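Undergrad: The structure under discussion is supplied below as C-alpha cells; questions concerning it will follow.
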Amino acid sequence: MTIDQLKSAYEAAYQKPATDIFFAPGRVNLIGEHTDYNGGFVFPCALSFGTYILLSKNEEQKINFRSLNMEAVYSLELTQLSEPLPNKAWANYPLGVFAQFIKRGISITQGYDILFWGNVPAGAGLSSSAAMEVVTAYALNELFGTGYGLADLAKIGRAAEHEFAGVMCGIMDQFASAHGKADHAIYLNCDTLEYDLVPVKLDGVKVVVTNTHSPHHLDSGSFNDRVRQCQLAVEQLNTIRPIQYLAELSQSEFDQVEHAIVDEVAHRRARHVVGEVQRTKDAVEALQQGNIEKFGLLMNQSHISLRDDYEVTGLHLDTLAEAAWKVDGVLGSRMTGGGFGGCTVSLVREDAIPMFIEQVGAEYTEKTGLVADFYIAEIGDGAHRVL
Ligand code: GLA
C-alpha cells in the first residue's frame, strides 16, 4: 500500500484524516542467534518492510485500535490500558506499549484513533510484533513529548513483549527495528547496548530470505524453555565461577568450566551460545575485511549449532538450509530469528538466484508438501516519522 492509500483507509475507518503517521521495520538477523538474552552479540539488519501506525486525537477518552491486517477492533477506556486483553488479542502488542508508558509515570489523558498496517509476513520470524511495538512506542514518544531515546523505546517494546505477550525475548528485534540504517547491519553488544553500524556492501551477492510458511510458535513455550535452560547453565556454572551471562565466557574459558553444567540439555544450550558469540565476532570481522566466503561458512556453522545443540530448527528450516548449501553460488544459509519455523537467510550470488529458487523450492516442496516464498531483502531504515 502507498501512503496515500493508507491515508484513505484511515479516513474510511474513522471519517477524518490521520494527523500523524510513523513507520518501524521488521528485521532479519544475519548471525548471532539466541545470544541476545545471554548478553552476547547479534548482527541484524532492518528490512524495508514493516508496520505503519496512523493516528489522530479523539474526544471520546478512548483508545481505538484497528488494523488493516486483522478483523478484530478494540475500543478501550483510558482506565483500561494497564492490563492485557484475553485470548491473544493482537492489540496486546500496542496496548503493552501504552502500559509501559503508564508504568514510567506518564498519565494518558487524551484519546486516540489508531490504525495499523504492516507488510512483514506474520509468524515468519521477521519481527512483525517488534515492528508493531516499536512503531507504537515511537509514536507515543513523539505525541507525548516524552523524549525517550531509541534504546529506551526498544526496551519499552521488549517489556511489552514480556508482559503482554509472555515471550521472554531479548532486545535484538526491538533494537534493530528502532536503530536500523539502510544498507547497514547492526553489530550490537546486548549486554552494554553499544553498537556499530556496519556497511553491508556485497558485490554481486544478495541477502535472500526464504519463508517456510510453517509458522514459528514463539509463544508456545519452547522459546521460554530455552531462556530457562540458559539460566540453569549459568546457575550450575556459578558453583565454580561467578558469571551473570553465558556470553561472558570465551570458548577456552568455557572449555575449562563446562563440566560444572551437569544438566545435559543446559550444557548443549550453553555450548551453542558460547560458540555463536565467537562466530558472530568472527563473521563481522570477515565482512569488514571483505571476506564474504568466510561469513557464509560461519552462517552454515551457526545453523548446524542451532540444529544440533540448541534444537530450534526442525524439518522445515533444516530442509531449506541443507538444500541451499548444495546450490552453486550460495555462500551461506541459516535459520534466522527464534526458529521452530519462520525463515532462513542466505547469501546468494546474483547470477545463481534463479537456480537457488528453483532447486531449494523444489526440494522443500518434495520433503514438506509446502511451498516456500523467496524475498530479496532490502536493508532499510529504522523507525521514523512519515507524516
Ligand atoms: C526472537 C527473540 C529475539 C532473539 C531471537 C533469537 O526473535 O525475540 O530476542 O532471542 O528470537 O536470536
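Undergrad: Does region 141-182 hold any residues that are under 30 Å from N87 (Cβ atoms), away from the ligand (no atom under 16 Å from the Cβ) and either outside any helix (DSSP H, G or I) or open to solvent by less than 30 Å² (accessible area, probe 1.4 Å) (or both), and which are they?
TA: N141
Undergrad: Pick out the one residue from K281, K294 that is open to solvent by 20 Å² or more (accessible area, probe 1.4 Å), in contact with a helix residue (DSSP H, G or I) (Cβ under 8 Å, 6 or more places away or on another chain) and assigned to a helix (DSSP H, G or I).
TA: Residue meeting the stated conditions: K294.
Undergrad: Then there's this: Across region 125-140, which residue is farthest from G341 (Cα to Cα) among those that are part of a helix (DSSP H, G or I) and within 10 Å of the ligand (Cβ to nearest atom)?
TA: A130
Undergrad: Need the failing condition index for D196 against (1) open to solvent by 40 Å² or more (accessible area, probe 1.4 Å); (2) within 15 Å of the ligand (Cβ to nearest atom), just the number.
TA: (2)
Undergrad: Okay, moving on. Within region 14-23, is even one residue more than 16 Å from the ligand (Cβ to nearest atom), without any contact (Cβ under 8 Å) to a residue 40 or more places away in the chain, in a helix (DSSP H, G or I) and open to solvent by 10 Å² or more (accessible area, probe 1.4 Å)?
TA: Among the residues of region 14-23, not one is more than 16 Å from the ligand (Cβ to nearest atom), without any contact (Cβ under 8 Å) to a residue 40 or more places away in the chain, in a helix (DSSP H, G or I) and open to solvent by 10 Å² or more (accessible area, probe 1.4 Å), which makes the answer no.
Undergrad: Evaluate region 223-240: report whether one residue or more is over 22 Å from the mean Cα position of the chain (by Cα), assigned to a helix (DSSP H, G or I) and under 30 Å from N291 (Cβ atoms).
TA: Among the residues of region 223-240, not one is over 22 Å from the mean Cα position of the chain (by Cα), assigned to a helix (DSSP H, G or I) and under 30 Å from N291 (Cβ atoms), which makes the answer no.
Undergrad: From A185, A122, grab the single residue that is at pLDDT below 95 and away from the ligand (no atom under 11 Å from the Cβ).
TA: Every option except A122 fails the conditions.
Yes/no matrix, rows are residues, columns are (1) of a type in the set (D, E, K, R); (2) away from the ligand (no atom under 16 Å from the Cβ):
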site	(1), (2)
G314	no, no
V348	no, yes
I353	no, yes
E358	yes, yes
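Undergrad: Another question, if that's okay. Quick check on V386: is it away from the ligand (no atom under 15 Å from the Cβ), surrounded by 24 or more Cβ atoms within 10 Å (Cβ to Cβ) and over 20 Å from the mean Cα position of the chain (by Cα)?
TA: It is false that V386 is away from the ligand (no atom under 15 Å from the Cβ), surrounded by 24 or more Cβ atoms within 10 Å (Cβ to Cβ) and over 20 Å from the mean Cα position of the chain (by Cα).
Undergrad: Also: Considering only residues of region 321-346 that are within 16 Å of the ligand (Cβ to nearest atom) and not small (G, A, S), which is surrounded by the most Cβ atoms within 10 Å (Cβ to Cβ)?
TA: This residue is M335.
Undergrad: Could you list all residues from region 199-212 that are in a loop (DSSP other than H, G, I, E, B), modelled with pLDDT of 95 or more and either in contact with a helix residue (DSSP H, G or I) (Cβ under 7 Å, 6 or more places away or on another chain) or open to solvent by 40 Å² or more (accessible area, probe 1.4 Å) (or both)?
TA: Matches in region 199-212: G204, T212.
Undergrad: So, I31, is that one among the β-branched types (V, I, T) and closer than 30 Å to T79 by Cα or not?
TA: When the stated conditions are applied, I31 does not pass them.
Undergrad: Tell me, which residue of region 300-320 that is touching a strand residue (DSSP E or B) at 6+ places or on another chain (Cβ under 6 Å) and under 18 Å from Q359 (Cβ atoms) is most open to solvent (accessible area, probe 1.4 Å)?
TA: Checking each candidate, the answer is N300.
Undergrad: Then there's this: So, of the residues in region 252-299 that are among the polar types (S, T, N, Q) and in contact (Cβ under 8 Å) with a residue 60 or more places away in the chain, which turns out to be farthest from V42 (Cα to Cα)?
TA: Taking the candidates together, the pick is Q288.
For (1) modelled with pLDDT under 95; (2) open to solvent by less than 50 Å² (accessible area, probe 1.4 Å), each residue gets a yes or a no:
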position	(1), (2)
E11	no, no
G32	no, yes
A46	no, yes
L55	no, yes
N64	no, yes
L68	no, no
N87	yes, no
G105	no, no
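The values are calculated or read from the model by the stated rules, or taken from the named source; none is laboratory data. Everything quoted here is computed from the prediction, not taken from an experiment. We place every Cβ from the backbone using ideal geometry, glycine too, and count neighbours over all the protein chains shown. Heads up: the accessible areas ignore ligands, DNA and RNA and are worked out on the full protein's heavy atoms, side chains in. Shrake-Rupley method; radii C 1.70, N 1.55, O 1.52, S 1.80 Å.
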